[in-house]
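The values are calculated or read from the model by the stated rules, or taken from the named source; none is laboratory data. A quick note: this is a predicted structure, and the numbers were derived from the prediction, not measured. Cβ: placed from backbone, ideal geometry, glycine included. Neighbour counts: every protein chain shown.
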Amino acid sequence: MRTDRCQAPVSRLSVARHLSVVGGVGVDALLDLFQLVTRSVSERSSRNIRPRYALLLALGEFALNEIPESRCEPLLKQLSYTYRDDPSSGVHGAAGWLLRQWGQTDVVREVDQTPIPYSLDREWFTLAITVIPKSPLKPEEGPSEDKVGLESETAETKPPFGPLPSKTFYYTFILFPSGGSEIGSVDDEPDRDKDELRHAVKFCPLVPLGFF
C-alpha cells in the first residue's frame with residue numbers, strides 16, 4: 001500500500017474504487033461537487049469526509065491543464081487551505097497527494113514544514129525537532145616526522161573544525177483512535193508485497209503514528 005509523507009494511504013486501487021462511484025462524471029461536475037462539500041468550515045462534519053476524500057482522488061485522474069483556466073487558481077487555493085487546515089487526516093492526505101500530482105510541491109513543503117500543535121479537534125499534528133550536532137574532535141597535535149612531511153599535502157583536504165549548523169526535522173503524526181481496525185493490503189492491490197498481509201489490530205489508547 002502506498003503512503004504519502006505523513007498522510008492517509010493513497011493507492012491506485014483506492015482511486016479506482018472511488019472513481020467507480022463517480023464514474024463518467026466530468027471535471028466540471030466534480031469541481032462543483034467539491035466546492036459544495038467544502039463551502040465553509042462551519043459546514044464540515046464527519047458526514048462529508050468520505051465525499052471530500054473521494055472527490056480529491058477522482059480529481060487526481062485529471063491533469064492540471066485539464067482544469068478550466070477560470071477555475072484553476074481558486075481550486076489550488078482551496079486545496080492549499082484544505083491541506084493546511086482540514087482536521088481529517090484522510091482529507092489532509094488526499095489534498096497533499098493531489099497537490100503533488102499537480103506539481104505544487106512548494107505549497108506542500110510549506111505546510112509540511114510548519115509545526116501544528118496537537119489538538120483533540122484534529123486527527124494529525126506536526127512536530128518540529130531541531131538537532132544540534134556536536135563538532136568533531138580536533139586530533140591532538142604532536143611531533144612526527146611523517147606529519148611534517150605530509151602537512152603541506154593534506155592542509156587543503158583537512159575538514160574544518162568548528163560548530164556544525166543545526167538542522168530541523170518535521171514529523172507529522174496521524175492519530176488513530178482506540179478500537180479495532182484492519183491493516184495491510186488487499187490481495188489484488190497493485191505492486192503489493194508479500195508481507196502486506198491483511199490482519200486485524202486493536203488500539204487500546206489513542207495512538208499517534210508518524211510519517212516523514
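A few comments on the model shown:
- When region 191-212 is limited to residues that are part of a strand (DSSP E or B) and aliphatic (A, V, I, L, M), the one that is modelled with the lowest pLDDT turns out to be VAL207.
- Per the listing ASP146, ASP188, the residue uniquely modelled with pLDDT of 80 or more and out of contact with any Phe, Trp or Tyr (no Cβ under 8 Å at 6 or more places or on another chain) is ASP188.
- Single residue of PRO117, PRO74, PRO87 found to be touching a residue at least 12 places away in the same chain (Cβ under 8 Å) and either surrounded by fewer than 13 Cβ atoms within 10 Å (Cβ to Cβ) or not small (Gly, Ala, Ser) (or both): PRO87
- The residue list ASP4, ASP85 contains one member that is modelled with pLDDT of 90 or more and on the phi < 0 side of the Ramachandran plot, which is ASP85.
- Taken together, the residues in region 170-190 that are surrounded by 16 or more Cβ atoms within 10 Å (Cβ to Cβ) and not in a loop (DSSP other than H, G, I, E, B) amount to 7.
- All positions within region 90-108 that are touching a Leu at 6+ places or on another chain (Cβ under 6 Å) and either touching a residue at least 60 places away in the same chain (Cβ under 8 Å) or part of a loop (DSSP other than H, G, I, E, B) (or both): ALA94, TRP102
Conditions tested, residue by residue: (1) aliphatic (A, V, I, L, M); (2) at pLDDT 70 or above; (3) outside any strand (DSSP E or B).
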site	(1), (2), (3)
GLU110	no, yes, yes
LEU127	yes, yes, no
PRO139	no, no, yes
GLY142	no, no, yes
PHE161	no, no, yes
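- The residue of region 88-120 that is farthest from the chain's Cα centre (by Cα), among those that are small (Gly, Ala, Ser) and closer than 17 Å to THR38 by Cβ, is SER88.
- Against the list (1) modelled with pLDDT under 95; (2) of a type outside the set (A, V, I, L, M); (3) out of contact with any Asp or Glu (no Cβ under 9 Å at 6 or more places or on another chain), the condition GLY103 fails is (1).
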